[in-house]
1. What does the highest-first list of 198-206, 169-177, 329-337, 129-137 look like by mean Cβ count within 10 Å?
2. Give the residue from 320, 239, 423 lying farthest towards the positive end of the charge dipole for the chain; charges sit on Cβ (+1 for Lys and Arg, -1 for Asp and Glu) and the dipole is referred to the Cα centre.
3. Please report, ordered by residue number, every helix of the chain (full DSSP H runs) that is 30 Å or longer along its axis going by C-alpha atoms and whose mean Kyte-Doolittle hydropathy reaches -0.5.
4. For each pair in 75/191; 321/356; 75/193; 64/318; 3/324; 64/321, compute the distance between the two Cα atoms and list the pairs where it is over 27 Å.
5. Tell me which aspartates and glutamates have Cα within less than 18 Å of residue 70's Cα, excluding those fewer than 8 residues away on the same chain?
6. What's the magnitude of the charge dipole for the range 285-437 around its Cα centre, counting Lys and Arg as +1 and Asp and Glu as -1 at the beta-carbon? Answer in Debye, nearest 20.
7. Leaving ligands and nucleic acids out of the surface, order 195, 57, 304 by accessible area at 1.4 Å, largest first.
8. Between residue 56 and residues 5 or more places away or on another chain, which pairs have amide H atoms under 5 Å apart, with H built 1.01 Å from N, and which residues are they?
Amino acid sequence: MKKGNPIALLPIGVFLVLYLGLGILFEYVLLIPMGFYNIPIVVAFLVALLVACIQNRKLSFDEKLVLMGKGVGDKNIMIMILIFMTAGIFVGVVGRSSAESVAYCLLSIIPAQYAVAVLFVVACFVSLAMGTSVGTITLITPIALAVAGASGFSVPLCVASVMGGAMFGDNLSFISDTTIAACNGQGVQMKDKFRVNFGIAFPAALVSLILILVVSMGQVGTPIQNEYNLIQIIPYLLVLIGGIIGVNVFVVLLLGIVSGSIIMLATGATAATDLLANMGSGAAGMFETTMVAILVSAICALIRVHGGFDALLNGIKKVFKGKKGGQLGMGLLVGAMDIATANNTVAIVMANPIAKEMSEDYGISSKKAASLLDTFSCVFQGIIPYGAQMLVALSAAAELGYELSAFDVIPNLYYPFLLLISSLLFIFVIPERKVEK
């Protein structure tokens, strides 16, 4: 066991104090709407990087620049950045009107008394196809509120069902930031991570659906009618199917971009003059996530050399014993990062290098490590009252005249809580030979 240097972890501590402290101040003291998301996370990481550069005077600044360059230039980091950009272009091309088409199509077909269950299923599919829980909640929450208003279903239940379904897709989607970050950080193919992750997420989603049906049973709602165009979901389906069968992620995304461009132009959903602009805005939407990946890679490269990771691993080994304990420790590590940053992608990027070393020390497979990182980050992100998902849902409700608090919604968030239970069963109960096949 290498001797570590706990002081080398100071940059992470500085970032957490700066970001979490200012977030709490803005959100709960100054009462600024979306307070956590008014803190420039890139600036907070730049301050942390400065602290890392000041440490360890045995190395010159030029030597530290070389170390940072090696960290950023890692193959998996470069692949992650390129996938972020390509996925952003895909979302920019396809747009979000197809998501509403899926929702209104199913709501027009399924009996109104099952409308809340339909909202959950729609949110699962849309987030799985789009790769964004926040985008899914932004789109589907107004529809959920319309369903609640027309049918008499509980507003918190409808909103929570959308949020739960959105986190399902966020966890599993091939173009989700969290999947990209977890897979490339652990050096595992997306299809392998998906197969392991699906075994954790699907049972939780199925039980959630049953609970929603039971809770909403006996209420007769009014059908919701609106126009929809299902042709626009074809690019999403191509990406989803291609990812599941194992086609290279770049090939899948390029296929989605090309097919999406053709369909959006042919249906008149996008003007030819706007297509390139949409591509640019989609890629630009990934700027912050990309910069976070670069800065965290540079910070982690210095922390590793300074002995910070060795100190952290030594501490984890003292608390969590054995392979199962290591898996739990890995999950709680990314969960703690998520509570501190209120961003599951950032939490995974920060936890990745530590989790990589933990997987080697504890004998945890890369695909299982990637699955645990993604799953536990989504569990905590789906529950915390100051996460983007919750704040966006509450903002949408407020704009439509509904007074709703996070603590009204949290008791109805069946999926995140069941995902936590499923994850613990996956670690401690299910025989490893079954989940590894």
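The values are calculated or read from the model by the stated rules, or taken from the named source; none is laboratory data. This one's a predicted model, so the numbers in the text were calculated from it and none came from an experiment. Here the Cβ positions follow ideal geometry from the backbone for every residue, glycine too, while neighbour counts run over all protein chains shown. All accessible areas refer to the heavy atoms of the entire protein, side chains included, with ligands and DNA or RNA removed. Shrake-Rupley method; radii C 1.70, N 1.55, O 1.52, S 1.80 Å.
1. Top of the packing list down: 169-177, 129-137, 329-337, 198-206.
2. The residue sitting most towards the positive pole is 320.
3. On the way: long enough: 190-216 (36 Å, 1.42).
Helix filter hits for the chain: 190-216.
4. Details: 75/191 19 Å; 321/356 17 Å; 75/193 19 Å; 64/318 31 Å; 3/324 24 Å; 64/321 34 Å.
Result: 64/318; 64/321 exceed 27 Å.
5. 62, 357
6. Details: 12 positive and 12 negative charges, 178 e Å.
Computed about the Cα centre, the dipole is about 860 debye.
7. 57, 195, 304
8. none
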